[in-house]
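Notes follow the structure.
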Amino acid sequence: MRVLMVTKFVPLPDNDGGKQRALAVARRLAQGADVVLCAYDDGDGDLAGLERLGIDVRSVPWRPTAARAARGVLRTRSVSAGRFYSAELVDEVQRAARQAPVDLLQVEYLQMVPLARGVPAARRVLDLHNVESALVRSYARVGRGPAGLLAHAEAAALAAMERALIPTFDTVVVVSERERRRLPAGVGTVLVCPNGRDPDPSGPLAPATTPTAVFVATLGWAPNVDAATWFGDEVWPEVHRRSPEARLLLVGRDPAPSVRALASSSVEVSGTVSDVRPYLAKARVAVAPLRSGGGTRLKILEALDAGRPVVATSVAVDGLEDLIGEGVVVADEPVSMIEAVTTLLEDPDRAVALGRAGHDAVVARHTWDVALAPLLETVVPS
């Protein structure tokens, strides 16, 4: 079986949620097939590591420019899809397709579909990390002024892409039942494969010794910027007033200026770190205060696997509803989130018990093998 996989970035190191999902899919496909993976190399790609996993990588350098993006928008009619379009990567995909028949074309993300257009394959699978039009529409709901208007326009463009391109695939994969309901009409076979987590072999972390909260995310990404600033402005001041020893850690790549501006005597903004577990080790509770977005949250699973309870909005826990009460507390308004975070910071035993329940639930129900089983049972011959 020969698989041609097209994704945004070389997924090793798997230092963001999209890479983690793409790597989990590629690794498992490579166990029973010859996998050729076409992607951009953002400068950190571990091509040798993927080769050791049996994955043949065909990458091109990630060189975003305004001129290239403009050409991409003309091709795709979408700003976000145009950003990822390049003739150079199209050529790599086409070259790989010509070398031998493709049994499975596996495309990660709607935005990458234009790069694989016309590739003949016995089976075509599209893995939607998000239903992109719904994701961008959620940005528009919390955006203001020109940013909100641009988000509305981009959501409409992505919806048009979804209507035109998703039905061209034999199988479409989404991460939750809610995402399934967001698909356009005319879609064939739909599989729900939520995000997962390969449990850390060292098990859950030791209980935290201080009343510390942590938000781990890519802090330059718009939904996470909104989440961090909303939590920092609307929730944290009252939590700190009630619990004067409390500290907040904002941990993640490329923090936006508005996130950096939250730094204070009780708030630490770390920026890029090589390993988040030391920060989770300091924390008694993790938070996921997202007000917009789509998909399911890998960082929630990471925190639970480490034995840390998570206070999250209902938006953040989309697709992980079974974990509510087993590691996750849902709070959508500042008042309820203040209460939930403060309670766990001030009650170490309760935090430990809830975190342990979350860890056990992730190990039992949310590993990548469990999450991806519907896809693998469909595409890999038994």
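The values are calculated or read from the model by the stated rules, or taken from the named source; none is laboratory data. Since this is a predicted model, take the numbers as computed values, not measurements. Note: ideal-geometry Cβ built from the backbone for every residue, glycine included; neighbour counts use all protein chains shown. Just so you know, the surface numbers come from the protein's heavy atoms only, side chains and all, with ligands and any DNA or RNA stripped out. Shrake-Rupley method; radii C 1.70, N 1.55, O 1.52, S 1.80 Å.
Before moving on, here are some points about what is shown:
- Within segment 54-166: Cβ-based charge dipole about Cα centre, in debye rounded to nearest 20 (Lys, Arg +1; Asp, Glu -1): 360
- Computed from Cα positions, the angle between helix 66-76 and the longest principal axis of the chain comes to roughly 70 degrees.
- As a fraction of the 1.4 Å probe accessible area of the chain, surface on carbon and sulfur atoms comes out at 52 percent.
- Residue 46 paired with residue 198, simple spin-label distance in nm, labels 7 Å along Cα-to-beta-carbon: 0.9
- Debye-formula intensities of segment 250-382, expressed as log10 I(q)/I(0) at q = 0.10, 0.15, 0.17 Å⁻¹, are -0.36, -0.78, -0.97 (one equal scatterer per alpha-carbon, no solvent).
- Within the straight-line cut-off of under 21 Å between alpha carbons, the lysines reachable from residue 282 are 299, sequence neighbours fewer than 8 places apart in one chain being disregarded.
- Each label point was placed 7 Å from the Cα along the Cα-to-Cβ direction; for residue 364 and residue 156 their separation is 4.8 nm.
- C-alpha long axis of helix 368-379 to longest principal axis of the chain, angle in °: 20
- Helix 145-165 and the longest principal axis of the Cα set of the chain meet at an angle near 40°.
- Segment 275-382: relative contact order as a whole-number percent, Cα under 8 Å and 6+ apart: 28
- Taking all protein chains into account, the per residue accessible area for segment 91-217 stands at 42 Å² (1.4 Å probe).
- q = 0.18 Å⁻¹: log10 I(q)/I(0) that the Debye formula gives for segment 183-277, counting C-alpha atoms only: -0.90
- Take every Cα pair under 8 Å whose residues are at least 6 apart in sequence, average their separation, divide by the length of the chain, and the relative contact order is 14 percent.
- Segment 37-166: Cα Rg divided by the 2.2 N^0.38 Å rule of thumb: 1.14
- Euclidean distance of C-alpha centroids, segment 166-187 and segment 356-382, integer Å: 20
- Since only 353, 107, 199 are under comparison, the one whose Cα sits farthest along the positive direction of the charge dipole of the chain, derived from C-beta charges on Lys, Arg, Asp and Glu, is 107.
- Hull volume in cubic angstrom per residue (convex hull over the Cα atoms of segment 132-227): 153
- Hull shadow area, averaged, the chain [alpha-carbon convex hull, nm²]: 17.9
- Inter-part distance where segment 214-274 and segment 6-28 are each reduced to a Cα centre, Å: 26
- Percentage relative contact order, segment 143-251, counting C-alpha pairs under 8 Å, at least six apart: 20
- With all protein chains kept in place, the per residue accessible area of segment 302-351 amounts to 34 square angstrom at a probe of 1.4 angstrom.
- Extreme residue, positive dipole direction of segment 2-108, given options 55, 9, 23 (C-beta unit charges): 9
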